[in-house]
1. Arranged from highest to lowest average of other beta-carbon atoms within 10 Å per residue, in what order do the peptides 704-717, 148-161 appear?
2. What FRET efficiency would be calculated for the residue pair residue 556, residue 469, taking the C-beta separation as r and a Förster radius of 56 Å, to the nearest 0.05?
3. Provide 720, 635 in ascending order of the number of other Cβ atoms located within 10 Å of each residue's Cβ, fewest first.
4. With r defined as the distance between the Cβ atoms of residue 24 and residue 91 and R0 fixed at 22 Å, what FRET efficiency is calculated, to the nearest 0.05?
5. Mean shadow of the stretch 1-103, computed from the convex hull of its alpha carbons, in nm²?
6. For every helix of n ≥ 4 consecutive DSSP H residues, a contribution of -39,500 (n - 2.57) applies; sum these over the chain, divide by its total residues, and give [θ] at 222 nm rounded to the nearest 500 deg cm²/dmol.
7. Testing the spin-label approximation: label points 7 Å from Cα along Cα→Cβ at residue 136 and residue 246. State their distance in nm.
8. Once R0 is set to 60 Å, what does the formula 1/(1 + (r/R0)^6) return for the Cβ-Cβ distance between residue 459 and residue 47, expressed as a FRET efficiency to the nearest 0.05?
Ligand code: ADP
Ligand code: ZN
Ligand code: ZN
């Protein structure tokens, strides 16, 4: 047995491993993550390193491989845990150990830490004065310094220099004499400003209290598990999280609070500061590497109890983790787009199991996966059915755009929506208009009857490709383009086009004098672009906020009483088995923005397919109804969570190389000959060429997740050092 070992966990050194032989005597103690002593270099100086992989394959001449000396007796557990976690990520999501380590261990930035110096007397006041009196040479500045310090416990070096003008040499000299002491403290970049902290405690209502009490009851009995809070928008889930975290922190443990980056606003975070003060910290993608590394160190040194951040906050090295909370657990942002493409929910549950912690998931629209697990009793389900601040749920109406067309209205605003917009402008209330557009909408639908072109095998919308053909990107089924609707014969069958910019223009044309703010990729690209638009709108400097799904998250605008979804179909027919789920989630979350405070809210959902189950359920704001339909679709088609699904992305800059490797991948997967695996492809995805890289995708389904990870392992072995995969990259994406 051989061990691949890293000797330095600073970021730059992560890809440098050294191979050692594991002596028989140590076999039982060596595992991934374990800290060992090894002879290093020519002189065989003993240094420490971490085992990151075990293998039976020698990387070079066996004779020359040295033995591991010993296992380090008092080991740094935090680092070992991180390496073990990296190994788990690699096993479950693919990629190299290196990529996994880089996911888990933050970048150490080689900059000098800012230091804050303090100065204080090292002897009693009397002794210091005595020293000055007996000095051979009189020094007024030394006298002045001692006078200054006599009145204080300690002084800030910068302040002292400013106030007294005493020179560094005077200070140095007294330090050398042992009269004063200089203390340097590392100054962490603490993102919390202390003067903003103030205690403000809302007490739990009955619904909330029942949940928190039950959780605490479990916790105190030593029960650790996963909970799902299904609470309607505005039901006060955050207050529940805060109280649960407080309980865990009181027991000397730490908590991770995951929030999607887009909802990580000052208002949200402040609620945690109000309760936990300096013991809470945040992570976000706008922080510098150094700032993030500081939070990592602060956690390692036990200086914080709670960390709030996006999915990477999961890897905060707490010594005694008690709870991980995932707010808006259905959010796609919890899945990493980079290799290893891990899901924060699954990873959190794994981390919690290894550290004896609990996990609390929360959402108004839980992911189908989580609800499925809650129904099976794997997670404990909590429900919040009422809005906490007393507001009632908004009225939701669906407008059939086919009818509008029949009535001769070809505007993007239905008559009903137009009427309500005028009404709100008159009342000086605010409006949010929402285009639930996701990426590239390539589906083809009929504007007369709502018919959508779908794959007969996969029940997924066909995607229109540049060559005019309609393609199923799960199985490769193709058909020619259509001129007339196959169902009603109408000529109005085409791709769906509309952007936020067009909506803004139409608004200004239809409602002269209307004040519009627009939030999309273009208007939020600047550093605080997003925050700026939000605060402009909150200050009522606009009547309407137009945007994509960006605008539905985590903002409380008390004056918004009308939410319009312009074309619900846009997210419904993306070629993805989760399209129905995404649509339902987006519609419910969008509706949740209306009438958050005392004013009553209205929601208008415009659609060409008012009978679609996601839209019907969203109109009724009925999660159960949606879930029942959705889970039967997943069962019927064998999509997650009923079965598991692995996407193998094969890509290359060279189209010829890609063809060859895809042919080989086809043969390789045919050879697998495993009745428990369902394999299709490789097929051409929606976007075949992106940034000069061509991609094809192989889909593999199995009832058992481990079978998929095995298949992934087999592919990794097959591809490694295989000439057919030269300049070809193979990446994995589970479920
Ligand atoms: P959710 O995350 O479930 O959508 P929030 O946690 O944002 O809901 O709470 C919605 C609003 O209700 C917030 O303004 C919050 O301050 C308020 N709120 C929550 N719980 C209570 C409570 N027990 N009493 C009064 N107001 C509450
Ligand atoms: Zn039609
Ligand atoms: Zn298909």
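1. Numbers: 704-717: 16.4, 148-161: 14.6.
Order by mean packing, descending: 704-717, 148-161.
2. Details: r = 46 Å, r/R0 = 0.83.
The computed FRET efficiency comes out at 0.75.
3. Values: 720 9, 635 12.
In order of increasing Cβ crowding within 10 Å: 720, 635.
4. Details: r = 26 Å, r/R0 = 1.18.
That gives a FRET efficiency of 0.25.
5. Numbers: hull surface 26.8 nm².
Reported value for the Cα convex hull: 6.7 nm².
6. Working: 22 runs with 248 residues, N = 735.
The helix contribution divided over the chain gives -10500 deg cm²/dmol.
7. Each label point is offset 7 Å from its Cα along the Cβ direction, giving 6.5 nm.
8. Details: r = 59 Å, r/R0 = 0.98.
Here the calculated transfer efficiency is 0.55.
Quick note: the coordinates plus some simple rules give every number you see, no bench work behind them. Keep in mind the model is a prediction, meaning the values are calculated, not measured. Don't worry about glycine lacking a Cβ; one is built from the backbone with ideal geometry, like all the others, and counts go over all protein chains shown.
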